[in-house]
Every structure is written in structure tokens, then in C-alpha cells.
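Reviewing the structure listed below.
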Amino acid sequence: MNVWISLIASLIVVGGLVVGSAGLAGLAQYTQTSGVLLLLGVVVPMLAFATFIVGVILQVVKWGRRPVPFPIATVAGQGKTLPWIKADYFDAPYTKLGVVGRMAMEVLFFRSLFRNTKMELHQGPKVVYGWQMWLWVFALAFHYSFLTVFIRHFRFFTEDGTVAFQAVKILESLDGFLQLGLPGVLISGFVLLGAATMLLLRRLTNAQVRYVSLLQDYFPLLLIISIAASGILMRHVIKVDIVAVKDLILSMLNLNFAGMGDKALAIGWMFYLHIFLVSVLLAYIPVSKLMHMGGIFLSPTRNLLCNTREFRHINPWNYPVKVHTYEHYEDEFREKMIEAGLPVDKPMSETQEAAAPEEKE
Ligand code: HEM
């Protein structure tokens, strides 16, 4: 039962956010209270954005200040050592270019996830390791579709006719090449929803993964699923006035607050639900595991050279330690050791032998 508690708690939190914001926005629309809509659609997003920026900077500074006295890069190949042993340039990079190459393959293609294996106990009992490709496929689909959706949204933040707007429009036409329905289906939105759902199902159906899943694993997935679902619903089912959305967003960016209340009232409630959930996600990122987007670049297991066999690294904090060697120990206790019948490396010196009987007396 305990393993389900995290999921139930996350469902309650995300469900509360969805119902709460939809209810508030719907009520505000019904009573024509623009203040509540501005709170959900302007004030909360602005605060969330500020929290995101400050939170990310603080987290990166915190990581940057952590001392890394030892080279602890992970190797997945032969490290550079003697000249006649062939080193693996990308799996144990020993030059800066090699590190950049390995990092690029990690960030762009999730290379280490590609080599993910799964252990299973078969009849016998026999331990079997198999290649697990699906996590890599869904993770890749999830991240690339998220990036595409994110970039496409810049059409709301850029003035029509600008270069940035034209570039986003080109991406949008590529994304909507299927030309299904009106407004056209944008593939990345559906891929995002599907991949996030598959990542959630993996957590639920795989007993080992379910056992280690916590609220902080379910919550972001459920939140992203809700954001994608609300976006798709808004585009295809519960439509909102897109021109009014853009008007409101550009007024907010230009800090031109005149007449904002009327602009807010012209937009349907679904937009406020969507943007509120996005704001929660933004503010949550700096304190969550989603910070891996910045953390990967600061990870000493990935950004250091794998040259520990090539050079001897000495901890710069080493200080002279007072040691008590075995030789000293034996010198101190030789007499007692011989008395107790213990073997000694050096026999008693004559002087010690001569002095010993006197000491005994
Ligand atoms: C984490 C960030 C966000 C994600 C993942 C996201 C996701 C989505 C998705 C999947 C859609 C469905 C249509 C499509 O694929 O484009 C959508 C639509 C929409 N989103 Fe977002 N969204 C995000 C942020 C925002 C923000 C900041 C705004 C504020 C302007 C916004 C406003 C809209 C609107 C107005 C639509 C309807 C688009 C249309 O009808 O063409 N979204 N969103």
C-alpha cells in the first residue's frame, strides 16, 4: 500500500491545482471579475518566472561552489594509461574536446540511457541482463517534443513579422505537416502527452521502479501531463481567443497594464488553467529533480577528464599526518611481544636485552 501513497498524494495535489484554478477562472468569467483572472494569468506567472530565474541561479551557484578535490569522472571504457594500451577517447575522455564530445552525446542523444540494462530473475534461478530500450525511446520523445512545444510557444511572445516570429512559424508548419483538421494537429503536443503518459505508466507497472517512486517523481509527470492535456484541449476542444491571449501576453511583457482587465475577460477559462499549471511548474523547477537540465553540465562525473591513470592526483587539502608505523610500534612493544611469544621482525638489540632485566626488577 505504501508504494501507492506517493501517487495518491500527487494525484490529490495536481487534481487540487487543476480543479482550483479552473473553478476560480470559471467563476471569475461568470461574474466578470477581471482581478482574479489577472491574478491567475499575469501576477502568478510573473512571480513564477522570477522564482524560476532566482531559484536556478541560486542552485547553479550552490553547485558551482561545491569543492571537487578528486577527479571522479565515470568511465565506460579504457582510461588513458601506458602508451601501448589503447584508450577509449569518448568513453573515458582524456582531452577537453573528448569531454565536450561525450557531454554532447549525453545531452543530445541520452547515450548512457541508451545502454541501460535490466536485470531479471529467470527460472533456474538464473540472473539475466537485457537491453532496455523503451525508457530511452520515451525519454528522447518526451524531451524533444517538450523542446519543440516550448519553442513554438514563442509565437505568443514575439511580435508578428519579426524574424523570431517567422522562425517559430516555420517550425510550426513542419510540426503540423500532417495538416489534419482545423486548427491543424501539431504533432509535438501529442507526442509530449503520449511520452509523458508512458513514463508515468512505466513507474506504475514496473514493480521495482514503483517501489522507489516518490511524490517528487509523480508530481512533475502528472503536472506536465495536465499542462499538455489542457493545451491540446484548448487548441481543439475548449477553444480560447488566441489573438486576445497574445494581446495580453505582449501587454504583460511591455509592462503596459492599461485595459488589461478587459483583455483578460476576453479569454476563456481554459487558458488560465493552462498558464497557472505552467506557473506552478516554473516555480517548482529550481527545487525539483527537473534541475537536471542544468545539473548535467555541472556534474563532476561527466565534466572532468578521465586521466586518473595518466596522472597521479593529490588531494590539495592533504596535510601532513602524524603516523605511527609498525616499526615504531614494534620498537615500543618488542619486549612485551617477545614475552607474550608474539613474532617480531627485529630481535631485541643487545642494549635492550641488557636493559630489560633491570627494568623488570
Ligand atoms: C511548460 C510550458 C508549456 C507547455 C509544455 C505547453 C504545452 C502546450 C501544448 C501541448 C499545447 C497544445 C497545442 C500545441 O501543441 O502547441 C498548448 C497550447 C497552448 N498553450 Fe501552452 N504550454 C506551455 C506554456 C504556455 C504558456 C507560457 C502560454 C502562455 C501564452 C501557453 C499558452 C497556450 C495556448 C494559448 C495554447 C493554445 C494554442 C492554440 O490554440 O493554437 N502555453 N500548450
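Here the relative contact order of region 2-303, from alpha carbon pairs under 8 Å that lie six or more residues apart, stands at 32 percent.
In units of the compact-protein estimate 2.2 N^0.38 Å, region 60-173 shows a Cα radius of gyration of 1.60. Normalised by the number of residues in region 1-130, the mean separation of alpha-carbon contacts (under 8 Å, six or more apart) gives a relative contact order of 8 percent.
Scanning the chain for DSSP H helices at least 24 Å long along the axis (C-alpha atoms) with a Kyte-Doolittle mean no lower than -1.0 picks out 2-31, 44-65, 134-152, 187-205, 215-236. Across region 13-66, Cα-Cα distances exceeding 15 Å account for 62% of all pairs.
With N counted as the residues of the chain, its alpha-carbon radius of gyration over 2.2 N^0.38 Å works out to 1.52.
Whole-Å semi-axes of region 137-250's equivalent ellipsoid, largest first, each the root of 5 times a Cα gyration tensor eigenvalue?
Result for region 137-250: semi-axes of 30, 15, 13 Å.
Rounded, prolate or oblate: which fits region 193-268 when a ≥ b ≥ c are the square roots of the eigenvalues of the alpha-carbon gyration tensor, with rounded for a/c under 1.5 and prolate only if a/b beats b/c? In terms of gyration-tensor shape, prolate. Viscosity 0.692 mPa s, temperature 37 °C: what is the translational diffusion coefficient of region 222-357 from Stokes-Einstein with a Kirkwood Rh over Cα pairs, rounded to a whole number of µm²/s? After rounding, the answer is 141 µm²/s.
For the residue pairs K239/K263; K239/K289; K80/K118; K169/K239; K62/K322; K80/K126, alpha carbon separations beyond 25 Å are given by K239/K289; K80/K118; K62/K322; K80/K126.
Every number in this text was worked out from the coordinates using simple rules, so none of it is lab data. Quick caveat, the model's predicted, so the values are computed rather than measured.
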